[in-house]
Every structure is written in structure tokens, then in C-alpha cells.
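Here the structure comes first, spelled out in C-alpha cells, and everything after it is commentary.
The values are calculated or read from the model by the stated rules, or taken from the named source; none is laboratory data. Note that this is a predicted model, so its numbers are computed, not measured. Please note: Cβ atoms are built from the backbone with ideal geometry, for glycine as well, and neighbour counts cover all protein chains shown. Each accessible area value is taken on the protein alone, full model and side chains, heavy atoms only, with ligands, DNA and RNA left out. Shrake-Rupley method; radii C 1.70, N 1.55, O 1.52, S 1.80 Å.
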Amino acid sequence: MKLIVEEGPSKGTSFTTSRGRCTIGSHPSSSLVIEDPTVSRFHCELRFDEKSVRLVDTGSHNGTSVNGVLVLDAMVRDGSRLSLGNTVIRVRYDIASTPLPLSSKSQFGEMFGESVAMRNTFALLEKAAKSDATLLLEGETGTGKTLAARSVHRESPRKNGPFVMVDCGAIPTNLLESELFGHERGAFTGANQQRVGALEEASGGTLFLDEIGELPLDLQPKLLGAIEGRWVRRVGSNKTIDVDIRLVVATNRNLREEVNAGRFRSDLYYRFAVVNVELPPLRRRAEDIPPLASTILQSIGASPEQIESMMAAGLHDKLVHSSWPGNVRELRNYLERCLVFESVLPVPEHSDEEAGSLSEMPYADAKDRALREFEKTYLRDLLAKHDKVSAAAEVAGIDRTYFYRLLRRNGLTKT
């Protein structure tokens, strides 16, 4: 695919790629950099596979148009004109064979998969494991980002060093700074003894920061300084301590959207996005589901006879014909229930009124569900109180284009 800037300050600039995703924006780390003040830092993305090219607006301030139509998510044809602020880009692509790096193995560390999508992911992770470059893992919830981070560590030269994980979304904001950087005795109320932070503890090994999109804005410059300087200063201390870490971060958020919205620093994102690997959802590797299910069942205590009996009783068909929006985590929970009741249970319907209390779910699943419910309820209330979407967006403090995107994501419209 080739992108050619036909109008705007960057007229004449072009970019050619055969990779599955490229970004367009004014940020230096964008695939196609547009020097135009009306173009957002990460304005939009083009994602393509063997069948189609898809454009996704990543929360831009001025919106994205395809052939004159304002879009949030649209299919793009050869020859389409993309309008980003004052810039116009022509899309040209051709059907051609492009070599795809594939691992010769169906397993990487603790991860398993024989599909093309997973073997491509393994090839990327194998290369990433050999270096100390910062690794950014992206993907939907439940796709195995923690497993990937641990596997990269175990396949790296640092495998004999510590692997330290911090979930930035699970720790209260007032405790997260101490968790990351440590503190001295008496640094604050309740600091009765000295504490070594995660950056210091991970020295000589790998530090994995999960849910990095949840990192509070006021902590981001301090983390950036620690990463760039490879040193840490405990809370309540003036002394700096050198650290030697390999950094792996993960998120199920689109950090480019977070940068555009001002919730994530662009310079910190630039430090994270050295090597990017997106973990594929289960629906993109359906052929992996039955063998993966057998592996999971075996790991939770099912005998070979039980596994064979469940598959023969219809489990195989239920597995491959379900969408699994919660991915591997949801699949594992379902299989555990089947094993407990010793029968092939119906696959849960996914709706707004999901059964079960939050306390019965893993933390990450419960948080995702609670956020989805809050978002939809909030948007419904806003639409009920305001006649125009522009007024609702203004009250919410959200750009109108992004507000429309939220409505579409939640299946809401303003009549």
C-alpha cells in the first residue's frame, strides 16, 4: 500500500508499507508523518489484511473523511482520498504476495498456537526476546499479554534475572508511586519502613507494566525520567539509584487515542513504542481453539478420557462457533465451569445484562464490564437530557467526533 500526500503542507510526501497496520499523524513516531497543525498527533490508522483495507479514526480533533464522507471506521478502496484537516492523502494499493515472518514452532514460552496469526506473533516475539528494546504489547483483554511478557523474559538473556510485574490499573493512585519507585521510612504517613520499588527490584531482569494506559498523568513524567536515565529515586529520598532493566508494557487501550485526548504523554508513548506486537484475538485464530481448549482442560485437571468425551459431546462445535470476546481468559473460565459440572454447558450470551456479580469474575474482566456498563449508562443519560449531540458532547467535555465514536461503540443513536 502506498500513501501519497496530494494537498497540504506536506504535499509530495509518501509512504509505502506491506505491514498490517500503519498510523498517520503529526507525531514523529507515526508511519506517515504529516506536518500540518490541523492533523492530530495520531490522527488515524490503516489496518489491512489479505482481504481489505480498513481506516479507523483514533480520536482525532478535526475528524477523518473518506471521499468527502466523515467516518469513524470505514473500508478504503484503491484510489480513495483521505481528508485529515487541511491535508488530502491518496491511497494506492495492489494485490501482491508479501513474505510473512512465521516461527517454525507452535509454542513460544508458555504460549501455544499453530495458526498463521500466532506463528507470526511468535516470530516477532522471538526477535524481541533477543534484545533489550522496550516492548509494547497491545491487544484485547484476555489475549495473553501477561503470558507473552513472561515468555519473552524466559526466552531472553535476562531469564536468570527477576521478572517483576506491576498492574497499573489495580493499584490505588496514591500507592502506585511507592510501588514503582519505592520509599524511605517516614516519607509519608504509614511509611514505617523502607520499601524497594518495582524498578529497583527488577534490576538485572525484566519489569512488566500491565495496563499502562491507566498510569496517572502526574506520574508519567517521573516514569519517563527513570526510563531514560535508568535510575530511580525513592519517595522521600534525594539519592538516585542506578537500575538495569528491560521494560515490557501492555495495554488493551489504544494509546494513540489516549495521546490525542491528552490522557497520555506523547513522549512517554514514543519511549514505549520501540517494538510493537499486537496479540491476535481468538476469533482471528479459530483453528487454535480446540487444541488450546484441550491444553487448558489438561492443565486444570481433566483426564484424557474426560477431554475426549466432552469433545464428542459437542464441545468442539461450541468452541469454534463462538466469538469469545473475552478471548483466552473467557475460554478458560467456560472450560472450568464445564469441568466442574461434568457436562458441555451453553456458551454464555454476551449482552449488556450479563449474569453473575462482579465479585465472581477475575479483576480484569470485572473492571472491563463495569467500565462498559458505566459508559453506556452515562451516554444514555446525556442523550436523554440534551436535544443535540453537540450539546451532550460539550457537557461531557468530549470532542464531538470522539463522542460519535462512543455512541457507535455502544450501539446508541440520537433520534
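Yes or no, residue by residue, for (1) touching a residue at least 12 places away in the same chain (Cβ under 8 Å); (2) in contact with a strand residue (DSSP E or B) (Cβ under 6 Å, 6 or more places away or on another chain); (3) of a type in the set (S, T, N, Q):
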| site | (1), (2), (3) |
| --- | --- |
| Asn62 | yes, no, yes |
| Ser80 | yes, yes, yes |
| Asp94 | yes, no, no |
| Leu102 | yes, no, no |
| Lys105 | yes, no, no |
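So the check is Cβ under 9 Å with 6+ separation or different chains; which pairs have a first residue in segment 320-343 that's surrounded by 13 or more Cβ atoms within 10 Å (Cβ to Cβ) and a second one that's among the acidic types (Asp, Glu) and not in a helix (DSSP H, G or I)?
As it stands, the answer is Pro325/Glu140; Gly326/Glu140; Asn327/Glu140, since those pairs meet every condition given.
Could you tell me whether segment 140-158 includes any residue that is closer than 19 Å to Asp242 by Cα and surrounded by fewer than 19 Cβ atoms within 10 Å (Cβ to Cβ)?
no
Name the residues in segment 42-59 that are in contact with a strand residue (DSSP E or B) (Cβ under 8 Å, 6 or more places away or on another chain), part of a loop (DSSP other than H, G, I, E, B) and modelled with pLDDT of 85 or more, would you?
Once the filter is applied, which keeps residues that are in contact with a strand residue (DSSP E or B) (Cβ under 8 Å, 6 or more places away or on another chain), part of a loop (DSSP other than H, G, I, E, B) and modelled with pLDDT of 85 or more, segment 42-59 yields Phe42, His43, Thr58.
From the set of residues in segment 29-40 that are in contact (Cβ under 8 Å) with a residue 40 or more places away in the chain and under 15 Å from Leu255 (Cα atoms), which is least open to solvent (accessible area, probe 1.4 Å)?
Here the answer is Ser40.
Kindly evaluate Asn276 against the criterion of being surrounded by fewer than 20 Cβ atoms within 10 Å (Cβ to Cβ), of a type in the set (S, T, N, Q) and not in a loop (DSSP other than H, G, I, E, B).
Spelling it out, Asn276 is indeed surrounded by fewer than 20 Cβ atoms within 10 Å (Cβ to Cβ), of a type in the set (S, T, N, Q) and not in a loop (DSSP other than H, G, I, E, B).
A quick yes/no check of all residues on (1) modelled with pLDDT of 95 or more; (2) under 12 Å from Arg233 (Cα atoms):
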{"position": "Lys159", "(1), (2)": "yes, no"}
{"position": "Phe163", "(1), (2)": "yes, no"}
{"position": "Val166", "(1), (2)": "yes, no"}
{"position": "Thr173", "(1), (2)": "no, no"}
{"position": "Leu176", "(1), (2)": "no, no"}
{"position": "Leu180", "(1), (2)": "yes, yes"}
{"position": "Glu184", "(1), (2)": "no, yes"}
{"position": "Gly190", "(1), (2)": "no, no"}
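Hey, could you check segment 296-321 for residues that are modelled with pLDDT of 90 or more and of a type in the set (Val, Ile, Thr) and say which is nearest to Gly113 (Cα to Cα)?
If we take residues in segment 296-321 being modelled with pLDDT of 90 or more and of a type in the set (Val, Ile, Thr), then Ile296 is nearest to Gly113 (Cα to Cα).
Only one of these is of a type outside the set (Ser, Thr, Tyr), touching a Leu at 6+ places or on another chain (Cβ under 8 Å), open to solvent by less than 10 Å² (accessible area, probe 1.4 Å) and in contact (Cβ under 8 Å) with a residue 40 or more places away in the chain: Leu125, Leu137. Name it.
Checking each option against the conditions leaves just Leu137.
Have a look at Gly68, Gly12, Gly20 and point out the one that is open to solvent by less than 80 Å² (accessible area, probe 1.4 Å), within 26 Å of the chain's Cα centre (by Cα) and not hydroxyl-bearing (Ser, Thr, Tyr).
When all the criteria are applied, what remains is Gly20.
Say whether the condition of being outside any loop (DSSP other than H, G, I, E, B) and either without any contact (Cβ under 8 Å) to a residue 60 or more places away in the chain or among the acidic types (Asp, Glu) (or both) is met by at least one residue in segment 85-92.
The answer is no; no qualifying residue exists.
For segment 146-173, which residues satisfy the criterion of being over 30 Å from Lys105 (Cβ atoms) and either in contact with a Phe, Trp or Tyr (Cβ under 7 Å, 6 or more places away or on another chain) or in a strand (DSSP E or B) (or both)?
Residue satisfying the conditions is Ala170 alone.
Within segment 60-80, track down each residue that is part of a loop (DSSP other than H, G, I, E, B) and among the hydrophobic types (A, V, I, L, M, F, W, C).
Leu72, Val76
Considering every residue within segment 249-259, establish whether at least one is crowded, with 17+ Cβ neighbours inside 10 Å and either within 20 Å of Phe112 (Cβ to Cβ) or at pLDDT 95 or above (or both).
yes
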